[in-house]
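The values are calculated or read from the model by the stated rules, or taken from the named source; none is laboratory data. Predicted, not measured: the structure shown is a model, and the values here were computed from it. Every residue, glycine among them, receives a Cβ derived from its backbone with ideal geometry; neighbour counts consider all protein chains shown.
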Amino acid sequence: MHKAFIRTLMATLAVAMAAGPAMAQSVYTTNFDKGLKVSNGLTVSGVITQTGNPTITGNPTVTGNPAITGNVAVTGNATVSGTLGVTGAASLTVPLTAANINGANKVKIVRIPLSPNTGACADATVYRGMVFPGRACTVKKVTLGCQTPPSVGTDVIKVLKASSSGNTLLSAATFDANTLVANTASSPSLTATGADLALTATQGIYAEYSAGTQTVDGIGLEAEIEIELTDY
């Protein structure tokens, strides 16, 4: 009788539960102290905050704005389309690509000496040189400087695209070398013609200093050109 009563009670409860209203799903938080492994993908609609030292061996794609305060080691290919803020030490063991190279890393400095290695420039002499970045790039800035500036004579500097007969990279055809100040950088404005500032991978940059009859001969003249690589 006892067993039969229990079976009857269980059957009655089962029928009542099936006929009753659906129970609401509960919201809960689970702590995984043994590690979490997801084999079919994980979607998180909230905010992920990582305070430890994550190691990622796959190829993560992050479209949000993750904030990581630990030390990140990425051995796969990370693509970040949002803003990545890392306050620890980020270690990337894969080659840099267009997705993870910022503007600062694309900027390079090339230099063209415009005077003898030792001693002063000679009167009525042209000092010239070229540099070949070997990459498609855009000229972002030209800086001129010297140890001792020339004085009195007609002394001009040219910085041209591709050859000695190319278009000027500066806003003026020539720069007056007499305006240079010893041990001080001078940055003349660039041409407003954007196409003249763009170089292909095979083009170079030409610069020359034409010394006149000087009262004080120039020493240590140089042109430095800041370029930004564009062929990534």
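Could you please let me know if Thr191 is crowded, with 17+ Cβ neighbours inside 10 Å, more than 14 Å from Leu114 (Cα to Cα) and modelled with pLDDT of 95 or more? Let's see the steps before the verdict.
On the way: crowded, with 17+ Cβ neighbours inside 10 Å: yes; more than 14 Å from Leu114 (Cα to Cα): yes; modelled with pLDDT of 95 or more: yes.
So Thr191 fits the description; yes.
Taking the condition of being hydrophobic (A, V, I, L, M, F, W, C), more than 15 Å from Leu229 (Cα to Cα) and part of a loop (DSSP other than H, G, I, E, B), how many residues in the stretch 189-209 meet it?
Of the residues in that region, 1 qualify.
Among the residues of the stretch 111-142, how many are among the β-branched types (Val, Ile, Thr), out of contact with any helix residue (DSSP H, G or I) (no Cβ under 7 Å at 6 or more places or on another chain) and modelled with pLDDT of 95 or more? Step through it out loud before you land on a result.
We begin by selecting, within the stretch 111-142, every residue among the β-branched types (Val, Ile, Thr); these are 112, 118, 125-126, 131, 138-139, 142.
With the extra rule that they be out of contact with any helix residue (DSSP H, G or I) (no Cβ under 7 Å at 6 or more places or on another chain), the set shrinks to 112, 118, 125-126, 131, 142.
Retained after the next criterion (residues that are modelled with pLDDT of 95 or more): 112, 125-126, 131, 142.
Of the residues in the stretch 111-142, 5 are among the β-branched types (Val, Ile, Thr), out of contact with any helix residue (DSSP H, G or I) (no Cβ under 7 Å at 6 or more places or on another chain) and modelled with pLDDT of 95 or more.
Which pairs turn up if I take residues in the stretch 213-225 that are closer than 14 Å to Ala182 by Cβ and look for partners that are basic (Lys, Arg) and surrounded by fewer than 20 Cβ atoms within 10 Å (Cβ to Cβ) with beta carbon separation below 7 Å, at least 6 apart in sequence or on another chain?
Every condition considered, the pairs that remain are Glu222/Arg111.
Which of (1) under 16 Å from Leu114 (Cα atoms); (2) surrounded by 17 or more Cβ atoms within 10 Å (Cβ to Cβ) is the odd one out, the single condition Val181 does not satisfy?
With (1) under 16 Å from Leu114 (Cα atoms); (2) surrounded by 17 or more Cβ atoms within 10 Å (Cβ to Cβ) applied to Val181, the lone miss is (2).
Modelled with pLDDT of 70 or more, among the polar types (S, T, N, Q), assigned to a loop (DSSP other than H, G, I, E, B) and surrounded by 10 or more Cβ atoms within 10 Å (Cβ to Cβ) - does that describe any residue in the stretch 84-106?
yes
Given the condition surrounded by 18 or more Cβ atoms within 10 Å (Cβ to Cβ) and of a type in the set (S, T, N, Q), answer yes or no: does some residue in the stretch 205-222 qualify?
Yes, there is a match, as at least one residue in the stretch 205-222 is surrounded by 18 or more Cβ atoms within 10 Å (Cβ to Cβ) and of a type in the set (S, T, N, Q).
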